[in-house]
Amino acid sequence: MISVHPHNQFLFFGVELGLIGLFAFCYYLYAAAKASAELEPPRRALVLSFLVIFVVDSLVHGALWLAVENHLFTFILTLSMAEISAVKNQSTLA
């Protein structure tokens, strides 16, 4: 019996895309965490807690392999990064 469902997103990227793919995924998560430092504490906690959920889910499940989870994580992370960009632009305009 063959299972095609990856149960670890990090291993999946490592096997399918090599070290470059694994590094790109880790950098994707790191860049989001680093960018969240520009938010106020309540919003920063929200973004970081979402990232922790994303990382834990990626460790035990193929978070980006299934369409429903893929859409959830990528859209929420995109909205979070858009908020960070808006806060940064607002502070430079003021």
The listed residue being closer than 14 Å to Asn8 by Cα and either touching a Phe, Trp or Tyr at 6+ places or on another chain (Cβ under 6 Å) or aromatic (Phe, Trp, Tyr) (or both), out of Phe54, Phe73 = Phe54
Check Val68 against each of (1) surrounded by 13 or more Cβ atoms within 10 Å (Cβ to Cβ); (2) in a helix (DSSP H, G or I); (3) modelled with pLDDT under 90 and name the one condition it does not meet.
-> (1)
Got at least one residue in segment 59-72 being free of Cβ contacts under 8 Å to residues at least 12 places away in the same chain and charged (D, E, K, R)?
-> no
Restricting segment 28-58 to residues that are touching a residue at least 40 places away in the same chain (Cβ under 8 Å) and not charged (D, E, K, R), the one surrounded by the most Cβ atoms within 10 Å (Cβ to Cβ) turns out to be Ser58
Examine segment 78-89 for a residue that is in a loop (DSSP other than H, G, I, E, B) and not hydroxyl-bearing (Ser, Thr, Tyr), and state whether such a residue exists.
-> no
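Give the number of residues within segment 47-65 that are touching a Leu at 6+ places or on another chain (Cβ under 8 Å) and hydrophobic (A, V, I, L, M, F, W, C).
First pass over segment 47-65, keeping only residues touching a Leu at 6+ places or on another chain (Cβ under 8 Å): 47, 50-51, 54-55, 58.
Retained after the next criterion (residues that are hydrophobic (A, V, I, L, M, F, W, C)): 47, 50-51, 54-55.
Summing the residues that are touching a Leu at 6+ places or on another chain (Cβ under 8 Å) and hydrophobic (A, V, I, L, M, F, W, C) in segment 47-65 gives 5.
The values are calculated or read from the model by the stated rules, or taken from the named source; none is laboratory data. Note that this is a predicted model, so its numbers are computed, not measured. Glycine gets a Cβ as well: all are built from the backbone with ideal geometry, and neighbour counts include every protein chain shown.
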